[in-house]
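One structure is given below, encoded as structure tokens.
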Amino acid sequence: MKNSNINFLKVSFLLAVFLLTVSCERDLSDDVVAATFPKTGEIFIDTPIGLGSDFYFPYADSKFTAFSVDNSEGYQSAASIRIDVPNDNDPEGAYAGGIFRIDGAGRDLTEYDALTFWAKASQGVMIGEIGFGEDFLENRFVATRTNVSIGTNWTKYIVPIPDPSKLTQERGMLRYAAGTQGTGGSGYTLWIDELKFEKLGTIAQPRPSIVNGQDVIVSSFTGVTTPVTDLIQTFNVASAGDISVVAAPAYFEFNSSDTNVATVDATGIISVITSGSSEITASLGGNDAAGSITINSLGNFILAPTPTRSPANVISIFSDTYTNVPVDFYNGFWEPFQTTLSADFVVNGDNILNYTNFNFVGNQFANPTVDATEKSNLHLNMYIPGSVPAGLDFLISIVDFGPDQVDGGGDDTRQQVFFNSSDFTADTWATLEIPITLTQRNNIGLIIYETVNFSVLPNFYLDNIYFYGEPTSPTTAAAIPSDAASNVISIYSDAYTDVAVDTFRTPWSSTPTVLTDEVVAGDNIKKYTSLGFAGIETISSTVDASAMTHLRIDTWSANYSSFAIKLVDLGADNTIGTPDDSEHEITISNPATGQWVSHDIPLTDFTGLLNTSNIGQYIIVAQPFESADVYIDNLYFRN
């Protein structure tokens, strides 16, 4: 925070003065006083108090004009804060929310124990969040009451400070978020007055907690980072009973029982270092927090396969490889009946969804819905740790909300796909490819996961959830090679003069493989339909590649999972099928699909190739065998 830097510079200056004074054997003057910040508690008493000229900052997706000063309504006065919560279909924003931030130096609030205010609404409502400490800078000491019931008469409300000693220079005076969840979408007006920090002296019995006060045991892996969640401070307030606030991590002191296994920093982020077990606990203001997290690290974690499909062909719901569409939630649906909890984590920068205590859950992306008209498949990676339950019956549903774009609006359609125990291997990522059969698929808004037929699945991970549809043939040419012609021996390329080639499909190639010549964007390419294996030969005039360093080939396929190329050298006798022949095959696993891929392979990688002076065969292979269509271009040796 800017103020922190200024204060640091002042302290450094005073330290320099102290050292200089000591060296001169002179005492510091009694007049030297450390820098302090205003201790003003009042924020709005009929008018803003000491906030400066630029203090209101609405949330980016809220209605910007929701806040005003009402000069005809107030608590025992004629003025108050007025917040006009919009209807949920208001084009300017579906809710009201923002912060009051001091335009200037922060305040010293260490002498207070609560934020207090008087409030009423035009109808009985439930305010989602109200508190303080958010400044859109560091947001270090945010404290929030949630689901606060506001009536139609002026009533005093209290937000206890989790630990006043932390608030030595706070700028975030108020934060609020108010929507229409409890009013059927209808807007209303909220008034707030006499907003200030107070020393009530009736805030007692602090009871901090983490993870909802539960003792949680979590299986984890080396490299995982995950936050300590559900940080709460609860007080007994004489006039209102128990009041709980959601408290920022900076209020807490965190501890790890074995920092060799896992550490936890000041922001509550747990980092798993190696295998073993460590217990994460916390305290607040000298009081031990209820709840703990026992990390049982199983060691190294293997990430899901990195997607290789072109971003142009993907609509991503959850993946670090692509840009995700807006998602309403990854854990929600059928509340309060679902039991599913989230323990999402990050492994070396890769985000993983982790569902625990699972029965069913939904990923909703309804604002806007997804138009998957041009997409053929839903892809996701799923990992079941420990063991795969016997009799597992796992259902994935894809739901299209229909033209009204509303879940349950009467025009919804859904597709359901079942998986069972045989589709998974414990502690291994399964790749689930689901062909989309929905006729109506231009307003998909929900993916539902559930166990059915009384099967049980306590815990699993998800990654790389996306829709895709790839063109079945290239629409652009492969990139024009930039190697100088003098450094190239070309087998097939429009960019160079090719050597004499006997055939691009030998008679002994796999039977279903069909070779055709294609032209794309003016570029000649070879297409191998249903490629199993196919031989290309230059036996009548073998290639001397002894002065070359690399083999280059460009490939394109919508559906191959691997591509391989074998080189065969005919040896010194330059005759195929004799003992001095040598060969070696290189396999490229999971090449990107739906786009041209340039494979530039060092000839030294062909370790079984004893010579490169009489190369006469080039055998290409694809998986799935005799099911993939593969296009090739720019097959040449280079130096």
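Computed values, structure above
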read-out	value
Spacing of the two label points (7 Å from each Cα toward its C-beta) at Asn420 and Thr152, in nm	6.0 nm
Column: log10 I(q)/I(0), Debye, Cα scatterers of region 126-167, q = 0.18, 0.24, 0.27 Å⁻¹	-0.61, -0.88, -0.99
R0 of 51 Å, Cβ-Cβ distance Leu515-Val327: FRET efficiency to nearest 0.05	0.70
Exposed trypsin sites (Lys or Arg not before Pro) absent - longest run of the chain, DSSP non-H/G/I/E/B, at most 15 other C-beta within 10 Å	200-639
Rounded to 10°, Cα long-axis angle of helix 2-23 versus longest principal axis of the chain	70 degrees
Spatial separation of Cα centroids for region 498-524 and region 382-441, in angstrom	40 Å
Rough spin-label spacing in nm, given labels placed 7 Å along Cα→Cβ, for Ser283 and Thr40	3.7 nm
Neighbourhood net charge (9 Å Cβ-Cβ; Lys/Arg +1, Asp/Glu -1) for Arg82	-3
Among [x] 30.2; [y] 26.6; [z] 25.4, the entry that matches Kirkwood radius over Cα pairs in Å as calculated here	[x]
For region 205-299, average projected area of the Cα convex hull in nm²	5.5 nm²
Test item: Cα-centred dipole of the chain, Lys/Arg +1 and Asp/Glu -1 on Cβ, debye	1260 debye
Residues of region 33-73 with amide N under 20 Å of a point placed 7 Å along Cα→Cβ from Ala240	41-46
Rg to Rh, two decimals, where region 558-604 supplies the alpha carbon set and Rh follows Kirkwood	1.14
Coordinate range along principal axes, alpha carbons of region 425-486, Å, largest first	69, 36, 16
Furthest towards positive pole of dipole, Phe132, Thr116, Ser257, structure part the chain, Cβ charges	Thr116
Burial order of peptide ranges 245-255, 66-76, 622-632 (average beta-carbon count within 10 Å, highest first)	245-255, 622-632, 66-76
Region 542-563 residues near the modelled Ser598 label - backbone nitrogen below 16 Å, point 7 Å along Cα→Cβ	549-556
Gain in span if fully extended, Asp573 to Asn255, counting 0.36 nm per residue against the direct Cα distance	107.1 nm
Expected 222 nm ellipticity per residue - DSSP helices of 4 or more, -39500 (n - 2.57), all of the chain, to 500	-1000 deg cm²/dmol
Gained length - Phe337 relative to Asn611, 0.36 nm times residue gap less alpha-carbon distance	91.8 nm
Dipole magnitude of region 205-299, debye to nearest 20 (Cβ charges: Lys/Arg +1, Asp/Glu -1, about Cα centre)	100 debye
Listed residue pairs exceeding 31 Å between alpha carbons, taken from Lys375/Lys526; Lys63/Lys375; Lys375/Lys566	Lys63/Lys375; Lys375/Lys566
Positive minus negative residues near Gly291 (Lys, Arg vs Asp, Glu; Cβ under 13 Å)	-3
In range of the label at Glu92: residues from region 151-178 whose backbone nitrogen is under 18 Å from the point 7 Å along Cα→Cβ	177-178
Kirkwood Rh in Å, taken over region 337-422 so that all alpha-carbon pairs contribute	15.6 Å
Linear extension gain, Thr373 paired with Asn559, 0.36 nm per residue minus alpha-carbon span	65.0 nm
Neighbour net charge for Val501 - beta-carbon separation under 12 angstrom, K R +1, D E -1	-1
All Cα pairs of region 567-639, percent lying beyond 13 Å	71 percent
Point-to-point label distance, Asp404-Asn139, nm (Cα→Cβ direction, 7 Å offset)	3.5 nm
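Read the figures in this text as sums done on the coordinates, not as results from a lab. Here the structure is a predicted model, which means the values were calculated and not measured. Cβ atoms come from the backbone with ideal geometry, glycine included; neighbour counts cover every protein chain shown.
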